[in-house]
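The structure appears below as structure tokens.
What follows is calculated from the coordinates using simple rules that are stated; it is not laboratory data. Worth saying up front: this structure is predicted, and the values here are computed from it rather than measured. All Cβ positions, glycine included, derive from the backbone under ideal geometry; neighbour counts span all protein chains shown.
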Amino acid sequence: MSYGNVVEQAAPQFFKEAEAEVRIALDDDIQKDRGLIIDLVKKHIGGEQELQQAQKMLGGPRQVVDFVIDQEVRSRARPIARENFLKSLPQTYPPAGALDKILNAYKAKDTTAFNAASPSTTRSTRPRSPTPPSRKSASKHG
């Protein structure tokens, strides 16, 4: 199974869980600070002109607010989902967990960590065939 297959299979569930948590927290934040929605509109839509265009495209102010909230939920959920997904890899998909360690060590230019995380090229999981005796050892016994 490739790393891509692992991501396709497992990541969506982590994203859904993170989205649900973030949506609850964001709703609480908006209830506590009504000005937050204006900041989110500026962040995800832009200025007054973009806001008017968005209202026309999306169908009105309520749809713009829903769109902005959805964008913010996705934005906040991505790193949480990624972190939870990566934490789960060593238990659920050990080779993919090793790949993440290799990638992080490579990015950090940490040769020791990279070598420790990398599967050794001298180790093989398949059985080795017996090594034929060398001529020296054959002649001693022969």
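In table form, for the structure just shown:
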item: Kirkwood hydrodynamic radius of the stretch 3-93, Cα pairs, Å; result: 14.6 Å
item: Local net charge near residue 35, Cβ-Cβ under 13 Å (Lys/Arg +1, Asp/Glu -1); result: +1
item: Of 16/87; 32/87; 87/107; 87/109; 16/43, pairs whose Cα-Cα distance is over 28 Å; result: 32/87
